[in-house]
Amino acid sequence: MLNVSNLSFSFDNGERVIRDMSFTAGKGERLCLSAASGEGKTTVLKLIAGLLTAESGKIEASGKVGMSFQSDALFPWQTALQNVKNVCEEKTAAYWLDAFGLGSDFDKKPGELSGGMRRRVSLARAVAFEPDILLLDEPFNGLDSECKEKIMALIAGHFSSRLIVFTTHDKSEQDSFATRVIELS
Ligand SMILES: Nc1ncnc2c1ncn2[C@@H]1O[C@H](COP(=O)(O)OP(=O)(O)O)[C@@H](O)[C@H]1O
Ligand SMILES: [Mg+2]
């Protein structure tokens, strides 16, 4: 389902960020890419999503790929509901926003939401897109522990027969959400 082989990548400044990385992952996995800040976690997800192009090596991903970004990447001029509706029908958007605790915030724009609320809108959009491979870049940042547990359970349940690749350096998030952890070094 996802096959990464001998992947290498450098930015224009020539700094080699990813060096000869290989792994495979399949349906039902929640694979965590773990590393300290600046070690290349976001870069790997962007390469899998096709937002960056590998310098050498190969990425084979079968099915539809969706991603939630570390920066949320919401359209500031759209409401929470409109942001999610960009990828699905209105009732699906409403369902996920409500499930993620934003039932009273449909009409608020990102500027009127807290960081944790924006993160939940961003996650709702990624989930509502219904990808076969769901990429989540530090998905649980800024969420309090109760909300985090609930969202983890909802996402894990909904994607139980698909592949999730996510990043975090947080050991407790790895313990509660990952089925496997790869350390980038
Ligand atoms: N657009 C860019 N141009 C040049 N260097 C970058 C760019 N984006 C990230 N980097 C560098 O690549 C390395 C990996 O970044 P990143 O993948 O964002 O790491 P992480 O997500 O693990 O914190 C860092 O050293 C960072 O400074
Ligand atoms: Mg990152």
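The values are calculated or read from the model by the stated rules, or taken from the named source; none is laboratory data. This is a predicted model, so every value here is computed, not measured. Every residue, glycine among them, receives a Cβ derived from its backbone with ideal geometry; neighbour counts consider all protein chains shown.
Annotations for the structure displayed:
- Test: Ile164 is within 20 Å of Ala94 (Cβ to Cβ), at pLDDT 95 or above and hydrophobic (A, V, I, L, M, F, W, C): no
- Those residues of the range 116-139 which are away from ligand 1 (no atom under 16 Å from the Cβ) and of a type in the set (A, V, I, L, M), in sequence order: Met117, Val121, Leu123, Ala124, Ala126, Val127, Ala128, Ile133, Leu134
- Any chance Thr92 is of a type in the set (Ser, Thr, Tyr), surrounded by 15 or more Cβ atoms within 10 Å (Cβ to Cβ), away from ligand 2 (no atom under 13 Å from the Cβ) and assigned to a helix (DSSP H, G or I): yes
- Flag if Ile155 is assigned to a helix (DSSP H, G or I), touching a helix residue (DSSP H, G or I) at 6+ places or on another chain (Cβ under 9 Å) and not acidic (Asp, Glu): yes
- Residues located in the range 22-44, provided they are in a loop (DSSP other than H, G, I, E, B), surrounded by 15 or more Cβ atoms within 10 Å (Cβ to Cβ) and away from ligand 1 (no atom under 16 Å from the Cβ): Lys27, Glu29
- Filtered by the rule that a residue be among the basic types (Lys, Arg) and within 15 Å of the chain's Cα centre (by Cα), the range 1-52 gives Arg30, Lys41, Lys46.
- Yes/no for Leu51 being farther than 19 Å from Leu184 by Cα, of a type outside the set (S, T, N, Q), part of a loop (DSSP other than H, G, I, E, B) and within 16 Å of ligand 2 (Cβ to nearest atom): yes
- Candidate set from the range 5-20 (those that are out of contact with any helix residue (DSSP H, G or I) (no Cβ under 7 Å at 6 or more places or on another chain) and part of a strand (DSSP E or B)); member that is nearest to Arg180 (Cα to Cα): Ser5
- When Lys64 is tested against the conditions (1) of a type in the set (D, E, K, R); (2) without any contact (Cβ under 8 Å) to a residue 60 or more places away in the chain; (3) away from ligand 2 (no atom under 16 Å from the Cβ), the lone failure is (2).
- Filtered by the rule that a residue be farther than 16 Å from Glu138 by Cβ and either within 16 Å of ligand 1 (Cβ to nearest atom) or over 12 Å from the mean Cα position of the chain (by Cα) (or both), the range 53-71 gives Thr53, Ala54, Glu55, Ser56, Gly57, Lys58, Ile59, Glu60, Ala61, Ser62, Gly63, Lys64.
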